[in-house]
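What follows draws every value from the coordinates through simple rules; no lab data is involved. Note that the coordinates shown come from a computational prediction; the quantities given were computed from them, not determined experimentally. Virtual Cβ from ideal backbone geometry, glycine too; neighbours counted across all protein chains shown.
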Amino acid sequence: MRKILIHNGSLKLTDAVECVFEKSITCFGTGAKIDAPKEFLGRRVYVLVRK
């Protein structure tokens, strides 16, 4: 069961997680992209933008 709680600026995510990785955002035309491993193609992901 997925559960996402945000309380006073803190995030708690409860879900079945296979992998966690951190990447930098790079330029792509007039936008931006995040490179991810090919094994996650077509999968649902979470992208968190930190301050």
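Do we have K33 as exposed (fewer than 10 other Cβ atoms within 10 Å of the Cβ) and of a type outside the set (V, I, T) here? Let's see the steps before the verdict.
Numbers: exposed (fewer than 10 other Cβ atoms within 10 Å of the Cβ): no; of a type outside the set (V, I, T): yes.
No, not satisfied.
Condition check: in a strand (DSSP E or B) and either among the β-branched types (V, I, T) or surrounded by 10 or more Cβ atoms within 10 Å (Cβ to Cβ) (or both). Does L13 satisfy that? Give the derivation first.
Working: in a strand (DSSP E or B): yes; either among the β-branched types (V, I, T) or surrounded by 10 or more Cβ atoms within 10 Å (Cβ to Cβ) (or both): yes.
Taking the combined requirement at face value, the residue satisfies it.
In region 25-51, which residues are out of contact with any Asp or Glu (no Cβ under 9 Å at 6 or more places or on another chain), part of a loop (DSSP other than H, G, I, E, B) and not aliphatic (A, V, I, L, M)? Passing the criteria: G29, T30, D35, P37, G42, R44, R50, K51.
Among the residues of region 11-30 satisfying the criterion of being among the polar types (S, T, N, Q) and under 16 Å from Y46 (Cα atoms), which is nearest to the chain's Cα centre (by Cα)? Walk me through how you get there before you give the answer.
In the first step, residues of region 11-30 are kept if they are among the polar types (S, T, N, Q); the result is 14, 24, 26, 30.
Right, trim to under 16 Å from Y46 (Cα atoms) and you get 14, 24.
On the way: T14: 14, S24: 12 Å.
Here the residue is S24.
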